[in-house]
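The values are calculated or read from the model by the stated rules, or taken from the named source; none is laboratory data. Remember, it's a predicted structure, so these values are computed and weren't measured experimentally. Neighbour counts are summed over all protein chains in view; Cβ atoms, including those assigned to glycine, are modelled from backbone coordinates with ideal geometry.
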Ligand SMILES: Nc1ncnc2c1ncn2[C@@H]1O[C@H](COP(=O)(O)OP(=O)(O)O)[C@@H](O)[C@H]1O
Ligand SMILES: [Mg+2]
């Protein structure tokens, strides 16, 4: 792959809901190893943008390119097959199951008992869980515990682990640090940094400017359905970002 080719490019994307222009001609690029924050006030169009990218809402117009190739998604499954995994706030984990079982939910590895009876290969799931979480620098002590035993940050890590195991090249996270305490927010920030180090692309929605500045390379600010501005994090300030968000 040419490293100059963006992993993801959104070109002039619009999405209307009847008379509501949720997104109007918005463009966005994510390069390998880049963390892009998507910010904006309530109703700015952030969720609509990630839903368009993840195959939930087909765009009204505009283009989505993955590694330079135009794609059309008619379902989240289509987007997943192209390497886009979206982690929503609810994380979609099955609380009563282990990390391994959550990683493989609906796609369990099978083995043959007595050479003929297909059963779920729990050992393979546990080993994949251990290896995947270690790759994220997250060393799990209890592979047999249900994820309901875990803290918010650990659960976020499991959701990220699932995306990584299935080889997501672009991870989209909606408010991953909301509802977490400060030490847990730090863990999630560290996880995002390890995704970046692996050359994956991350889009990260947040209201928390501190987290955005801690982890992002670039910020795209939406305001009432348009891109109000885009900045390198190293070249902007909290004040400037707030101004872009509220306009004026
Ligand atoms: N399914 C929908 N039907 C009608 N309007 C919608 C729908 N989804 C979002 N909108 C509207 O689109 C605009 C952008 O919403 P949204 O993308 O959820 O913003 P954000 O995530 O930044 O808060 C809002 O005006 C919202 O009311
Ligand atoms: Mg939203």
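Going by the conditions given, is residue 64 surrounded by 20 or more Cβ atoms within 10 Å (Cβ to Cβ), under 14 Å from residue 7 (Cα atoms) and away from ligand 2 (no atom under 16 Å from the Cβ)? It is true that residue 64 is surrounded by 20 or more Cβ atoms within 10 Å (Cβ to Cβ), under 14 Å from residue 7 (Cα atoms) and away from ligand 2 (no atom under 16 Å from the Cβ).
From the list 13, 23, 28, 38, exactly one residue is surrounded by 20 or more Cβ atoms within 10 Å (Cβ to Cβ), closer than 26 Å to residue 191 by Cβ and over 14 Å from the mean Cα position of the chain (by Cα). Which is it? Break it down into steps so the answer makes sense when it comes.
On the way: 13 fails: closer than 26 Å to residue 191 by Cβ; 23 fails: closer than 26 Å to residue 191 by Cβ; 38 fails: over 14 Å from the mean Cα position of the chain (by Cα).
It is 28.
For residue 129, are the conditions met, namely being surrounded by 19 or more Cβ atoms within 10 Å (Cβ to Cβ), under 12 Å from the mean Cα position of the chain (by Cα) and not in a loop (DSSP other than H, G, I, E, B)?
Working: surrounded by 19 or more Cβ atoms within 10 Å (Cβ to Cβ): yes; under 12 Å from the mean Cα position of the chain (by Cα): no; not in a loop (DSSP other than H, G, I, E, B): yes.
When the stated conditions are applied, residue 129 does not pass them.
Residue count for region 199-248, restricted to those that are modelled with pLDDT of 95 or more, surrounded by fewer than 16 Cβ atoms within 10 Å (Cβ to Cβ) and farther than 14 Å from residue 35 by Cα: 8. Looking at 164, 182, 188, just one residue is away from ligand 1 (no atom under 16 Å from the Cβ), within 14 Å of residue 152 (Cα to Cα) and either crowded, with 23+ Cβ neighbours inside 10 Å or within 13 Å of the chain's Cα centre (by Cα) (or both), and that residue is 188.
Within region 48-60, being touching a strand residue (DSSP E or B) at 6+ places or on another chain (Cβ under 7 Å) and near ligand 2 (Cβ under 10 Å from one of its atoms) holds for 48, 49, 50.
Within region 75-107, the set of residues being closer than 22 Å to residue 154 by Cβ, in contact with a strand residue (DSSP E or B) (Cβ under 9 Å, 6 or more places away or on another chain) and either assigned to a loop (DSSP other than H, G, I, E, B) or in contact (Cβ under 8 Å) with a residue 40 or more places away in the chain (or both) comprises 85, 86, 87, 88, 89, 104. If you filter region 206-230 down to residues that are part of a strand (DSSP E or B) and within 23 Å of residue 185 (Cα to Cα), you find that the one that is farthest from the chain's Cα centre (by Cα) is 221. Taking each residue of region 37-56 that is within 20 Å of residue 218 (Cα to Cα) and looking for partners that are part of a helix (DSSP H, G or I) and within 8 Å of ligand 1 (Cβ to nearest atom) with beta-carbon atoms closer than 7 Å, six or more apart or interchain, yields 38/46; 38/49; 40/46.
If you go through region 159-185 and keep only what is in contact (Cβ under 8 Å) with a residue 12 or more places away in the chain, assigned to a helix (DSSP H, G or I) and more than 19 Å from residue 54 (Cβ to Cβ), you end up with 183, 184, 185. Pairs linking a residue in region 190-205 that is touching a residue at least 60 places away in the same chain (Cβ under 8 Å) to a residue that is within 16 Å of ligand 2 (Cβ to nearest atom) and assigned to a helix (DSSP H, G or I), with Cβ atoms under 7 Å and 6 or more positions apart or on different chains, are 203/50; 205/46; 205/50. For region 43-74, a residue qualifies if it is part of a loop (DSSP other than H, G, I, E, B) and more than 16 Å from ligand 1 (Cβ to nearest atom), and the qualifying residues are 67, 68, 72, 73, 74.
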